[in-house]
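Quick notes on the structure that follows.
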Amino acid sequence: MTETEQRIKMRYAFAMSSYARMFTPSGISEEIKLICREWSEGDEQISSLLTLHQVDYYFAQKWRKRNEPRE
């Protein structure tokens, strides 16, 4: 596994753990997995100084924003 693949895998697991805290593992939908995959493959960063609550809020906002009606 390359360093990039490892980085993506770790970022995906990080994002998924946030949604698992919010929705429980059984409540994770395919849409949430897609959000996690897109985020993990991107280069958007989260500050290492955030608490778990702040991280969960960040990912909740990503999920809500994706589900807002488009104008």
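The values are calculated or read from the model by the stated rules, or taken from the named source; none is laboratory data. Not measured: the values here are computed from a predicted model. Here the Cβ positions follow ideal geometry from the backbone for every residue, glycine too, while neighbour counts run over all protein chains shown.
When the residues of the range 1-24 are filtered to those that are over 17 Å from Ala60 (Cβ atoms) and hydrophobic (A, V, I, L, M, F, W, C), which remaining residue is surrounded by the most Cβ atoms within 10 Å (Cβ to Cβ)? Here the answer is Ile8. Does Arg70 satisfy the criteria of being of a type in the set (Lys, Arg), modelled with pLDDT under 90 and farther than 18 Å from Gln6 by Cα? Yes. Among what's in the range 32-43 and is acidic (Asp, Glu) and within 11 Å of the chain's Cα centre (by Cα), pick the residue that is surrounded by the fewest Cβ atoms within 10 Å (Cβ to Cβ). Applying the filter and picking the extreme gives Glu41. Sub-7 Å Cβ pairs linking a first residue in the range 1-28 that is of a type in the set (Gly, Ala, Ser) to a second residue that is assigned to a helix (DSSP H, G or I), at least 6 apart or interchain, are Ala15/Cys36; Ala15/Trp39; Ala15/Ser40; Ala15/Phe59; Ser18/Val55; Ser18/Asp56; Ser18/Phe59, ordered by first then second residue.
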